[in-house]
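Student: Just dropping this structure here.
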Amino acid sequence: MKLHKDYYGYYYPNQSQRAALAGLLVVLFPAFLPNLFGPLGHASPSIFSEWNAPQPRHSRLLSPALLLQSSVDQQSKLWAPLPDQGWKHCPEEPRSLSSSPKESTGYIQVFLDGGLNQQKMGICDAVAVAKILNATLVIPHLEVNPVWQDSSSFEEIFDVDHFIEALQGEVSIVKALPIEFSWSTREYYATGIRITRIKTAPVHASSDWYLENVLPILQRYGVAAISPFSHRLAFENLPPSIQHLRCKVNFEALAFVPHIRKLGETLVNRLRYPNRNQKAGTGSQDKANEIEKQGAGKYVVLHLRFDKDMAAHSACDFGGGKAEKLALAKYRQVIWQGRVLKSQFTDEELRNQGRCPLTPEEIGLLLAALGFNNTTRLYLASHKVYGGEARISTLRRLFPDMDDKKGLASAEERAKVEGKASLLAAVDYYVSMQSDIFISASPGNMHNALVGHRAYMNLKTIRPNMALLGKLFVNKSIEWSDFQRAVSDGHKTRQGQMRLRKEKQSIYTYPAPDCMCQS
């Protein structure tokens with residue numbers, strides 16, 4: 001390489017040479033720092049690690065919360081199931097011959113990305129699109145999750161035979177394409193532009209869009225592959241029968257495979273009937289026992305959505321000091337090239353807007369303020385928490401009777417799901433649906449899916465008031481009594497009360513009125 005000499009006698013490369021050197025550096029950099037450029041999953045190591053174990057940020061609230069005493073009446077109300085809200089599952093309408101599937105127009109394939117709950121919504125939409133087009137749906141292909149590096153297939157998560165049988169008479173479904181279409185594979189569409197692949201499906205496309213753009217391809221070639229497909233069907237201006245079908249898929253047809261249900265049931269039984277050697281007490285101990293009886297055999301599922309991606313993307317301060325701020329800033333740079341719009345706001349502004357995910361400490365204080373105490377059985381539904389056990393330690397002090405999959409099931413019992421994020425999430429979903437109360441630390445796909453499913457089943461679900469909590473946690477002088485009163489008042493109508501779907505909202509989160517009937 002020929003170098004140029006500057007005015008001061010130093011040699012330097014010209015602009016094109018500098019570009020070449022930069023390119024070489026990009027190629028070689030991962031070899032020297034492999035952890036940085038490995039899979040960006042929550043479970044993957046990174047040089048931007050959680051360096052400091054954060055100290056409790058709300059000690060003023062934590063001390064009285066640890067001494068919390070609940071009354072029998074308070075516990076009774078807390079665990080009471082939801083009353084009848086005037087909504088029920090719609091009766092199954094007898095199918096007329098005219099409503100049964102006619103001769104198929106062709107085969108529809110969809111390729112679904114995202115995590116378990118995003119893929120579930122995509123499957124429901126795929127069935128609806130097949131119905132709109134009067135096409136035969138091929139069991140959807142689940143893409144490898146780029147975050148979790150999970151390659152679990154539909155058949156590994158969902159009971160395929162139940163899926164097909166539950167929708168028989170509604171939509172024609174096959175496990176695989178017939179031999180004459182065997183060329184139509186994921187690999188085939190990945191290697192070039194194909195006439196039978198639809199890449200242009202807009203987000204929340206109408207039924208007319210599919211009739212105008214996909215039906216002609218089906219009629220001409222007999223097969224059409226839609227990818228990407230997530231969120232590719234609108235929630236508005238669809239016939240009631242299509243909306244009902246989407247809900248039937250979500251709430252009835254998509255059942256987990258037997259071994260997931262078996263492990264889930266094992267966890268539920270161990271949560272409801274823990275092995276404890278309890279002795280009867282006297283005096284004040286009798287009162288404590290009576291309070292504990294109110295929650296006996298019951299448990300709360302906490303979806304602690306506090307992973308590294310969530311923490312980094314929020315641009316909030318979580319008390320880890322300069323080291324943590326630097327680590328999250330560099331992590332943002334690697335993943336999103338620093339493009340996080342919320343980073344333009346201060347931490348206090350973000351919290352006042354309710355845009356910061358709740359830390360384990362904060363969700364623990366919320367639960368305590370709502371009346372849960374140190375005898376509450378808590379199941380932790382999470383893959384990996386940013387900061388590890390050090391971050392969870394304050395929550396564990398508040399709720400020592402807290403467990404998760406690893407604490408409740410042996411390695412042998414978990415063998416079929418271990419290391420597979422979608423299967424682990426499916427187990428957590430099952431346990432969450434059986435719980436007396438479900439709460440998520442921050443909104444997300446699992447939160448939305450369970451809010452909707454539990455509303456459909458009229459089960460108690462606490463939705464944190466993020467804006468209120470943000471303001472309360474910013475106030476460093478607030479006393480426990482004021483905090484407790486504000487939390488209680490701010491969550492009276494956020495514990496599973498039916499909320500009717502508004503325009504453009506998801507039927508999977510708000511199933512009434514589209515998927516339910518008034519009783």
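Student: Given Cα pairs under 8 Å that are at least 6 residues apart, what percent is the relative contact order of region 107-255? Present the calculation step by step, with values, prior to reporting the outcome.
Tutor: Values: 216 pairs, mean separation 57.0, N = 149.
The value is 38 percent.
Student: How many percent of the accessible area of region 107-255 is carbon or sulfur, using a 1.4 Å probe? Spell out each step's value before the answer.
Tutor: Details: 3220 of 6170 Å².
About 52 percent, which is the carbon plus sulfur part of the accessible surface.
Student: If you count, for each residue, the other Cβ atoms within 10 Å and average over each peptide, how do 186-199, 476-489, 354-367 line up from highest to lowest?
Tutor: Working: 186-199: 12.8, 476-489: 14.4, 354-367: 24.1.
Per-residue mean Cβ counts within 10 Å order the peptides as 354-367, 476-489, 186-199.
Student: Give me a comma-separated list of calculated 3J(HN,Hα) values for region 507-513, in order, Karplus coefficients 6.51, -1.76, 1.60 applied at θ = phi - 60°, integers in Hz, x for any Gly or Pro.
Tutor: My calculation for region 507-513 gives 6, 6, 9, 10, x, 9, x Hz in order.
Student: Starting from the Cα of VAL144, move 7 Å in the Cα-to-Cβ direction to define the label point; list residues of region 174-194 whose amide nitrogen is under 19 Å from there.
Tutor: Once the point is set 7 Å along Cα→Cβ of VAL144, 185-192 turn out to lie under 19 Å by backbone N, inside region 174-194.
Student: Work out the FRET efficiency for ALA390 and GLN85 from their Cβ-Cβ distance, taking R0 = 41 Å, and round it to the nearest 0.05.
Tutor: Numbers: r = 41 Å, r/R0 = 1.01.
Result of the calculation: an efficiency of 0.50.
Student: Using the Karplus curve 6.51 cos²θ - 1.76 cosθ + 1.60 with θ = phi - 60°, work out ³J(HN,Hα) for each residue of region 421-437 in order, rounded to whole Hz, and write x for Gly and Pro.
Tutor: 4, 5, 5, 5, 5, 5, 4, 4, 5, 4, 4, 5, 5, 8, 6, 6, 9
Student: Given a Förster radius of 22 Å and the C-beta distance between ALA190 and GLU155 as r, what FRET efficiency does 1/(1 + (r/R0)^6) yield to the nearest 0.05?
Tutor: On the way: r = 21 Å, r/R0 = 0.96.
With a Förster radius of 22 Å, E is 0.55.
Student: Between GLN69 and ALA329, what is 0.36 nm times their sequence separation minus the Cα-Cα distance? Round to one decimal in nm. Mind dumping the intermediate values first?
Tutor: Numbers: separation 260, 0.36 × 260 = 93.60 nm, distance 4.11 nm.
Taking GLN69 through ALA329 to full extension adds about 89.5 nm, to one decimal.
Student: Then there is this: Mind jotting down the distance between the C-alpha centroids of region 129-196 and region 221-259, whole Å?
Tutor: Taking the Cα centre of region 129-196 as reference, the centre of region 221-259 is 12 Å away.
Student: Tell me, what ³J(HN,Hα) does each residue in region 135-145 have, in order and in whole Hz, if you take phi through Karplus 6.51 cos²θ - 1.76 cosθ + 1.60 with θ = phi - 60° and put x for Gly and Pro?
Tutor: 9, 9, 8, 7, 3, x, 8, 9, 5, 5, 5
Student: A further question on this structure: Rounded, prolate or oblate for region 107-255? Axes are the square roots of the Cα gyration tensor eigenvalues, ordered a ≥ b ≥ c, and the cut-off for rounded is a/c under 1.5.
Tutor: On the way: a/c = 1.27, a/b = 1.04, b/c = 1.22.
It comes out rounded by the Cα gyration axes.
Student: With a Förster radius of 45 Å, plug the Cβ-Cβ distance of LYS504 and LYS476 into 1/(1 + (r/R0)^6) and report the FRET value to the nearest 0.05. Intermediate values should be presented prior to the final figure.
Tutor: Working: r = 38 Å, r/R0 = 0.85.
That gives a FRET efficiency of 0.75.
Student: Run the quick spin-label model on LYS416 and GLU252: label points 7 Å from Cα toward the beta carbon, then report their separation in nm to one decimal.
Tutor: So the label points at LYS416 and GLU252 sit 2.6 nm apart.
Student: Assign unit charges at the C-beta atoms only (+1 for Lys and Arg, -1 for Asp and Glu), then state the dipole size of region 107-255 relative to its Cα centre in Debye, rounded to the nearest 20.
Tutor: Values: 11 positive and 16 negative charges, 92 e Å.
Taking the Cα centre of region 107-255 as origin, the dipole is about 440 debye.
Student: With labels modelled as points extended 7 Å from the Cα through the Cβ direction, what inter-label distance (nm, one decimal) is found for GLU103 paired with PHE345?
Tutor: The modelled label-to-label distance comes out at 5.8 nm.
Student: What is the list of residues in region 406-433 whose amide nitrogen lies under 20 Å from a point 7 angstrom out from the Cα of ASN275, following Cα to Cβ?
Tutor: 406-415
Student: How big is the equivalent ellipsoid of region 342-435 along its three axes, where each semi-axis is √(5λ) from the Cα gyration tensor, reported in whole Å from largest to smallest? Write out the running numbers ahead of the final one.
Tutor: On the way: eigenvalues 151, 68, 30 Å².
In descending order the semi-axes read 27, 18, 12 Å.
Student: Further, regarding this structure: Between ASN237 and GLU92, what length comes free when the chain is fully extended (0.36 nm per residue of separation minus the Cα-Cα distance, one decimal in nm)? Before the final figure, lay out the partial values.
Tutor: Working: separation 145, 0.36 × 145 = 52.20 nm, distance 2.23 nm.
Result: 50.0 nm gained on full extension.
Student: Still on this model: How many angstrom lie between the C-alpha centres of region 381-429 and region 450-478?
Tutor: 22 Å
The values are calculated or read from the model by the stated rules, or taken from the named source; none is laboratory data. Treat the numbers as computed from the prediction; the structure is a model and nothing was measured. We place every Cβ from the backbone using ideal geometry, glycine too, and count neighbours over all the protein chains shown. In case anyone asks, the SASA skips ligands and DNA or RNA and just uses the protein heavy atoms, side chains included. Shrake-Rupley method; radii C 1.70, N 1.55, O 1.52, S 1.80 Å.
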